[in-house]
Amino acid sequence: MKAVTWRGVNEIGVEDVPEPAILNDHDIILAVGLSAVCGSDLHLIGGYIPTMRAGDVLGHEFMGTVAEVGPGVTKHHVGERVVVVSFTSCGRCWYCRQELWSLCDNGNPNPGITEALWGQSIGGCYGYSHALGGYAGSHAPYIRVPYADQGVFAIPDGVSDERALFASDAAPTGWTGAHQAEVRSGDVVAVWGAGGVGQMAARAAILMEAAQVVVIDRYENRLDQTPGPQYLYDQVKQQMRLQTDRPAAVREAIYACRKGGTVFTLGVFAGVVDKFPLGAVMNKALTLRGAQQHGHRYIPEILDRMSRDEVKTEHLATHVMPLDDGPKGYRMFKNKEDGCVRAVFRPGS
Ligand SMILES: NC(=O)c1ccc[n+]([C@@H]2O[C@H](COP(=O)([O-])OP(=O)(O)OC[C@H]3O[C@@H](n4cnc5c(N)ncnc54)[C@H](O)[C@@H]3O)[C@@H](O)[C@H]2O)c1
Ligand SMILES: [Zn+2]
Ligand SMILES: [Zn+2]
């Protein structure tokens, strides 16, 4: 079958890959309906997450129709329209039972790489390098989904494919930030970045009765034209491999946060950063947290709110295209061309 693949740094391909098969009793095979490009994919494309191999299938934000079920699957049936959380989590380990799903001890079959990087491994993610499990991604006609009784959710009738798609990754990531940062009624919340994730974090904060939500963004093309000295410093250090990530927004959040407040990073960082304002964190008594999304915990609520029109996401799917347009979709999303918020592939077209 044809799929959108990683070929090398800043190189996206469309090529033939093997069709997936059921490997474990708890797997399903999903016929992919829609599969989106996420901001996290840009870290892969840029080569900042190692352990990608040429030919790896990309994509982790997706929905579709169940095509085949393993003998151990009890909650799903062939023909069901479903959305799948982007993280793979077992549902049985201590972390899953605490509802800290992305921290799953078993969802990543290659734990050694992230253990060496972070001290402990976390769960796996589709199409997101061999460090996070080496699972084939969703930019393909079919994908194998492990732990289907945990990570697959039936889409309510009346919720469109284009809306349900974002219950996979962008919306539950926003929910994770707002909930784990413990937004309370009357709080003032600032969100850096108005992409799919930032918009959903803002929406979650509003639903949690924040008094005011401020969303901050700078478009990348403007950033490239008039970069501030701090941005240039991080870009140069990252490109020389002296630091692995660019923390400008996190620094700003730490300086802007009120004394005693909470800074939560949903933006993906892989390694180390420089010039981190620990003094501000300590003296202002800030709480600093972060997480990959715990979508299993929030997706049922999100789908319910989607069916009541309290969460609308279809506007994020600005550019829907066939898999053959993989390289174009990635380019448009990366450069935010033509107002692209999300490039979305429809393998059936
Ligand atoms: N934690 C998770 O589970 C999880 C899941 C999905 C995505 N993510 C991460 O969330 C982040 C956002 O994802 P997205 O899909 O919305 O990406 P996106 O690329 O669509 O949007 C990011 C936005 O941030 C803006 N931005 C960049 N630097 C900024 C700065 N210094 N100040 C203010 N705005 C700035 C950009 O202009 C852009 O509009 C990415 O880092 C992605 O890796 C995390
Ligand atoms: Zn993502
Ligand atoms: Zn687990």
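The values are calculated or read from the model by the stated rules, or taken from the named source; none is laboratory data. Quantities reported herein were computed from a predicted structural model and do not represent experimental measurements. For neighbour counting, all protein chains shown are included, and Cβ atoms are generated from backbone atoms with ideal geometry for every residue, glycine included. Note: areas computed on protein heavy atoms with side chains; ligands, DNA, RNA excluded. Shrake-Rupley method; radii C 1.70, N 1.55, O 1.52, S 1.80 Å.
State whether segment 89-176 is rounded, prolate or oblate according to the following rule on the C-alpha gyration tensor (a ≥ b ≥ c being the square roots of its eigenvalues): a/c under 1.5 gives rounded; otherwise a/b larger than b/c gives prolate, and the remaining case gives oblate. Judged from the Cα gyration tensor, segment 89-176 comes out prolate (a/c at least 1.5, a/b above b/c).
Considering only G196, G290, G271, the mean-square fluctuation computed in a Gaussian network model of the chain, springs between alpha carbons under 10 angstrom, is largest for G271. Once backbone amide H atoms are built at 1.01 Å from N, G33 has M63, G64, T65 as its partners under 5 Å, excluding neighbours fewer than 5 places away on the same chain. Normalising the average separation of contacting C-alpha pairs (under 8 angstrom, six or more residues apart) by the number of residues puts the relative contact order of segment 246-349 at 20 percent. Hydrodynamic analysis of the chain uses the Kirkwood radius over alpha carbon pairs. Inserted into Stokes-Einstein at 37 °C and 0.692 mPa s, it gives a translational diffusion coefficient of 160 µm²/s.
For the chain, the longest principal axis of the Cα atoms and the long axis of helix 196-207 meet at an angle of about 80 degrees. Structure remark: mean-square fluctuation, Gaussian network model of the chain, C-alpha springs under 10 Å; the largest value among A181, A171, A116 belongs to A116. Counted over all Cα-Cα pairs of segment 1-121, pairs farther apart than 21 Å make up 51 percent. For G193, the residues 5 or more places off, or on other chains, whose built amide H falls under 5 Å of its own are I216, D217. Multiplying the residue separation of M1 and D25 by 0.36 nm and removing their Cα-Cα distance gives an extension gain of 6.3 nm. Were the residues from D304 through L117 laid out at 0.36 nm apart, the gain over their Cα-Cα distance would be 63.6 nm. Springs between Cα atoms under 10 Å define the GNM used for the chain, and in it the highest mean-square fluctuation of P277, P300, P146 occurs at P277. Oblate is the label for segment 241-349. Its Cα gyration tensor axes, ordered a ≥ b ≥ c, give a/c of at least 1.5 and b/c at or above a/b. Quick check: from the Cα gyration tensor, does segment 271-329 come out rounded (a/c under 1.5), prolate or oblate? Since a/c reaches 1.5 but b/c is at least a/b, the shape of segment 271-329 is classed as oblate. Measuring how big segment 301-349 is from its alpha-carbon positions, Rg and Dmax come out at 13.1, 36 Å.
Note that segment 131-138 has calculated 3J(HN,Hα) couplings of 5, 9, x, x, 6, 5, x, 9 Hz, one per residue in order, obtained from phi through the Karplus relation 6.51 cos²θ - 1.76 cosθ + 1.60 (θ = phi - 60°); glycine and proline are x. When the surface is traced with a 1.4 Å probe over the full set of protein chains, I206 keeps roughly 90 Å² accessible.
Put a plus charge on the Cβ of each Lys and Arg, a minus charge on the Cβ of each Asp and Glu, and nothing anywhere else: the dipole of the chain about its Cα centre is then about 1060 debye.
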